[in-house]
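Below: one structure, written as structure tokens.
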Number of protein chains: 2
Amino acid sequence: MKEKNINFPVKQVLNRVVEDHTIQNEQKSPPPGRGEGMKETEGTEGVLYLIPCPISEGESVWSVLPASNGRVMSELDYFIVENVRSARRFLSKSGLKVSELEFRELSEHTTDPRGIDVLCAPIVAGRSAGVISEAGVPGVADPGAMVVRRCHELGVRVVPLVGPSSIILAMMASGLNGQSFAFNGYLPVKDAGKAIRNLERRALSEGQAQMFIETPYRNVKLVEQLLLTLGGETRLTIAVDLTGADEFVETHGVREWRGRKLPELHKKPAIFVIGA
Amino acid sequence: MKEKNINFPVKQVLNRVVEDHTIQNEQKSPPPGRGEGMKETEGTEGVLYLIPCPISEGESVWSVLPASNGRVMSELDYFIVENVRSARRFLSKSGLKVSELEFRELSEHTTDPRGIDVLCAPIVAGRSAGVISEAGVPGVADPGAMVVRRCHELGVRVVPLVGPSSIILAMMASGLNGQSFAFNGYLPVKDAGKAIRNLERRALSEGQAQMFIETPYRNVKLVEQLLLTLGGETRLTIAVDLTGADEFVETHGVREWRGRKLPELHKKPAIFVIGA
């Protein structure tokens, strides 16, 4: 597919995309004007704005987002989102009239290029869009990246806005090697022990801090496995509910963790870092 | 050193640290009260707040930082900073009376444990501190991580605040694999070509996006080398002056980059990502 996209003449793609659009996008509205929050763009092309939202339940929106994000958000009427309901909740919490906004859902299932092209068509036609993830910054470890990738191929400008990322917050607070670190997403459910040993090997041999996450209901089991599998001198950061009321971030050697009372982890958003 | 820190009885360390403090820290002031911006902490212990600042020259502070950061910052009177002058400039831009604040500089040269302990001593004694980096989020790719690491050893609570990180903004806007990515800091000056080939190999074989930076005056030379060294199908993201007036982020295959007019890169903050 990369092959195809690179060699595909952009002009043709645009025509095809706009065509799909006119056929499939019933609800239309004019491209929004630009307020001070909007960055200038060339010509009449739409811009793809990457719009972060809070990462902790009940976190008030403007305690984790810059006010200027609101100015950009208020200019938009088209949103490509991971989950319509949570995106609506976020935008109305932010003070927007969600009834007047168009939402298109983007899930892991929206994998076929034409599906992505349909989502991008209004932008190519001049209508700016906002991408909103389930939590935190869009485009990192969520399907939003597919739209971003396609927008680059289509020559659409992509503008990332500042907001909370559990990855960078955990790295800041870990005290581990921020000069070299890797985010590895979810550990494989099958043979997680081997994956943990491989990450530890890389952390110790290359000095590269290794981050990963787990589905919240498996957090406790994962930590047990980490404390069993990792060497006593290896450092482990456990970060829970970052920016939230129950925020917890501590880094200790595994031997010390074994003797400590662990934080409440069950069903809470957590991120883990292994370091030298 | 890790050995020593892990086995060193914390109580003894605290005593030693407070002692150093009374000897070496002339200018003292009472621990700050806690406003709504402050997160609750146990007992009378100080908290280490990681305080982001803008990453682009002339960027207005509150367009990239949540307003609630200001409430935390205004409660603090002790700052551990990478550069006193730029930290003062940032805090006064933010509306703080810098004349009443104490600054301690933390450079790569502050490597000896006792130097770090002296910086941490006021916190252990109950005075909260803010860490401020030269640009962006502290603790990631800057000496602030040494203080964070020590605070975890001393049992001091570490609280990261939300702010702009060129690493996460570039990853969001890259459209490359946010499920698995690595930040590799600066490329080695010596034999950068080999380093580039190694990063490309990992990006293609593991599907892990590889990020790195260069000292701004070498950006142009680096991009030339990237376009010569990388395979034509490999994707390359070039991100320049993120959040700034000259913000530029585009991802293209290397073959396509070779035929494009490059953005103005000389002496501008830039970050690069290699992906499949």
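The values are calculated or read from the model by the stated rules, or taken from the named source; none is laboratory data. The structure displayed is predicted, hence computed values, not measured ones. Backbone-built Cβ (ideal geometry, glycine too); neighbour counts: all protein chains shown. These accessible areas exclude ligands, DNA and RNA; they are computed on the full protein's heavy atoms, side chains included. Shrake-Rupley method; radii C 1.70, N 1.55, O 1.52, S 1.80 Å.
For the reader, a short list of remarks on this structure follows.
- Taken over the stretch B:57-94, the criterion of being crowded, with 22+ Cβ neighbours inside 10 Å and within 18 Å of the chain's Cα centre (by Cα) is satisfied by B:Val64, B:Leu65, B:Pro66, B:Asn69, B:Met73, B:Phe79, B:Ile80, B:Val81, B:Ala87, B:Phe90, B:Leu91.
- Verdict on B:Glu250 being more than 20 Å from A:Glu206 (Cβ to Cβ), of a type in the set (Asp, Glu), modelled with pLDDT of 95 or more and crowded, with 20+ Cβ neighbours inside 10 Å: yes
- Number of the exception - B:Ile238 against (1) in contact with a helix residue (DSSP H, G or I) (Cβ under 8 Å, 6 or more places away or on another chain); (2) within 12 Å of chain A (Cβ to nearest Cβ); (3) part of a loop (DSSP other than H, G, I, E, B): (3)
- Once the stretch B:215-230 is narrowed to residues that are touching a residue at least 40 places away in the same chain (Cβ under 8 Å) and out of contact with any strand residue (DSSP E or B) (no Cβ under 9 Å at 6 or more places or on another chain), the residue that is least open to solvent (accessible area, probe 1.4 Å) is B:Val220.
- Leading residue by the ranking (nearest to the chain's Cα centre (by Cα)) among those in the stretch A:199-212 that are within 18 Å of A:Met171 (Cα to Cα) and without any contact (Cβ under 8 Å) to a residue 60 or more places away in the chain: A:Gln208
- Subset of the stretch A:205-214 [open to solvent by 10 Å² or more (accessible area, probe 1.4 Å) and within 11 Å of chain B (Cβ to nearest Cβ)]: A:Glu206, A:Gly207, A:Ile213
- When A:Gly175 is tested against (1) surrounded by fewer than 16 Cβ atoms within 10 Å (Cβ to Cβ); (2) within 9 Å of another protein chain (Cβ to nearest Cβ), only condition (1) is not met.
- Output for the stretch B:259-276, where each listed residue is part of a strand (DSSP E or B) and under 19 Å from A:Arg149 (Cα atoms): B:Ile271, B:Phe272, B:Val273, B:Ile274, B:Gly275
- Only one of A:Val131, A:Val118 that is within 10 Å of chain B (Cβ to nearest Cβ), more than 23 Å from B:Thr234 (Cα to Cα), of a type in the set (A, V, I, L, M, F, W, C) and not in a loop (DSSP other than H, G, I, E, B): A:Val131
Quick grid of which residues meet (1) surrounded by 21 or more Cβ atoms within 10 Å (Cβ to Cβ); (2) more than 10 Å from every other protein chain (Cβ to nearest Cβ):
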position: A:Ala141; (1), (2): yes, no
position: A:Arg157; (1), (2): yes, no
position: A:Pro188; (1), (2): no, yes
position: A:Arg197; (1), (2): no, yes
position: A:Gly232; (1), (2): no, no
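- Residue within the stretch A:92-101 that is in a loop (DSSP other than H, G, I, E, B) and acidic (Asp, Glu) present: no
- Taking the conditions (1) at pLDDT 95 or above; (2) more than 7 Å from chain B (Cβ to nearest Cβ); (3) open to solvent by 10 Å² or more (accessible area, probe 1.4 Å) in turn, A:Ala170 satisfies each one other than (3).
- Any hit, the stretch B:103-110, residues being loosely packed, with under 15 Cβ neighbours inside 10 Å, closer than 16 Å to B:Pro138 by Cα and within 14 Å of chain A (Cβ to nearest Cβ): yes
- Hits in the stretch A:241-258 (condition: outside any strand (DSSP E or B) and facing another protein chain (nearest Cβ under 8 Å)): A:Leu242, A:Thr243, A:Glu247, A:Arg255, A:Glu256
- Filtered residues of the stretch B:146-155 (kept if touching an Asp or Glu at 6+ places or on another chain (Cβ under 8 Å) and either more than 8 Å from every other protein chain (Cβ to nearest Cβ) or under 22 Å from B:Val64 (Cβ atoms) (or both)): B:Gly155
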